[in-house]
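Accompanying notes for the structure given below.
What follows is calculated from the coordinates using simple rules that are stated; it is not laboratory data. This is a predicted model, so every value here is computed, not measured. Cβ coordinates were reconstructed from backbone atoms using ideal geometry, including for glycine residues, and neighbour counts include every protein chain displayed.
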Amino acid sequence: ALNAIGRIKITLLLMIMWTFFTWVLTVLFLNLYGFNGVAAGLLVLTTTIILVNYLVKRFAPYSFTSSVYLSLIGAVFQSAWYFFVLSFFSHNLINLISIGLSGIVLYAIVIYLVGRKEIVELVKIFRN
């Protein structure tokens, strides 16, 4: 969105910040916390969405909530599915692949059922 309205310098600065955080925090947290440090570093990096949200709202008003609610609902159902199913089946490769694929299908179904109207509108836009 920022590139589209001519704010390329802001986008460049954000990309530099993300690159710096990725390399520095990942390596630092990896040394401090082991493999879990990678996840911790990326969690800290992900919190910069607050800054991005603030910057974009300054130049182009939009609703953050409406842009993520469908994905969030799908992710909640998918996570609940994984939590429930993984407690009943052994964790061999075939089961994990099957459960993973079924979670992806569940996510798609939930997104379609909850956001059917938005999906139909987007399809119409792209067809024209």
Across segment 20-45, which residue is nearest to VAL68 (Cα to Cα) among those that are surrounded by 11 or more Cβ atoms within 10 Å (Cβ to Cβ) and polar (S, T, N, Q)?
THR22
Does segment 3-12 contain any residue that is among the basic types (Lys, Arg) and surrounded by 14 or more Cβ atoms within 10 Å (Cβ to Cβ)?
yes
Residue by residue through segment 99-119, note down the ones that are surrounded by 10 or more Cβ atoms within 10 Å (Cβ to Cβ) and more than 19 Å from VAL76 (Cα to Cα).
GLU118, ILE119
Do you know which residues across segment 54-66 are surrounded by 10 or more Cβ atoms within 10 Å (Cβ to Cβ) and within 24 Å of ILE119 (Cβ to Cβ)?
VAL56, ALA60, TYR62, PHE64
Which of the residues spanning segment 67-80 are within 17 Å of LEU122 (Cα to Cα) and surrounded by fewer than 12 Cβ atoms within 10 Å (Cβ to Cβ)?
SER67
For segment 73-99, which positions are free of Cβ contacts under 8 Å to residues at least 24 places away in the same chain, in contact with a Phe, Trp or Tyr (Cβ under 8 Å, 6 or more places away or on another chain) and not polar (S, T, N, Q)?
ILE99
